[in-house]
Every structure is written in structure tokens, then in C-alpha cells.
Amino acid sequence: MSDSKKVYKVRIFGNELNIKSDDTQEHVDAVVEYVRRKFTEVQMQIKSSSMLNLAILCAMNIADEFFKLKAERENMEKNYEERVTVLTSAIKEAIK
């Protein structure tokens, strides 16, 4: 079995990284730009922090967004499941 992942070279705040991904160059570029934007947002708020602290705070902000979106998606799925149950019951009742 061969490794079909592509290797992309990216530069984030002076650090060159090799990223292995199944995704397209456009997707990798979008992710890199998102991280750069988030890092800059944190950097503007916390001007005196070290690069490590900025990176940790950036990771925390991105993780916070992820968990909020995940909870929102789970709530939507639950809502859809409840609607399907109600509609299924209504259909069963209508065809009796």
C-alpha cells in the first residue's frame, strides 16, 4: 500500500513546514491563511507574548471555535432526527 498523500511546503510566520495531506493545494492554502489570520488576531490582542504563547492561544481559539461548531452541528442533527421521527409517525398515522 503506497502513501498517496501529497507534501506541501508552507510558511507560517517565518517557519517553513512540510504538510502531508490528501487535500488540494487550494484547501491547504485556505487552512494556512486561516491559521495566519487567527494568529494575527491573537497577536493584535496580546502584543507582548512570546511566539509560543501566541501559538498556544491561537490553538485554543481555533479549538474553541471547533467545539462550538461541533455542538451546533450535534444540536442540528438532534433536531433533524426529532423532525424525522414526528414526520414518520404522521405518515404512518395517515396511511392507516
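Just add up the charged neighbours of Glu41: K/R +1, D/E -1, any other residue whose Cβ is under 14 Å from the Cβ of Glu41. So the surrounding residues net to +1. Compute the helix-to-body angle for 25-45: its Cα long axis versus the longest principal axis of the chain, expressed 0 to 90° and rounded to tens. The helix 25-45 is inclined about 70 degrees to the chain.
Each stretch of four or more DSSP H residues adds -39500 (n - 2.57); spread over every residue of the chain, this sum gives -24500 deg cm²/dmol at 222 nm. Axis angle, to the nearest 10 degrees, between helix 51-94 and the longest C-alpha principal axis of the chain: 10 degrees. When the chain is treated as a Gaussian network with alpha carbon springs shorter than 10 Å, the biggest mean-square fluctuation among Ala71, Ala55, Ala63 belongs to Ala71.
For the chain, modelled as a GNM whose springs connect Cα atoms under 10 angstrom apart, the maximal fluctuation among Asn53, Asn15, Asn61 occurs at Asn15.
Give the shape of the chain as rounded, prolate or oblate, defined through the alpha-carbon gyration tensor: a ≥ b ≥ c are the square roots of its eigenvalues, a/c under 1.5 means rounded, and otherwise the shape is prolate if a/b is larger than b/c and oblate if not. The shape class here is oblate.
Each value in this text was obtained by applying a stated rule to the coordinates, not by laboratory testing. No experiment lies behind these values; they were computed from the predicted model shown. Note that we place each Cβ from the backbone using ideal geometry, even for glycine, and neighbour counts take in every protein chain shown.
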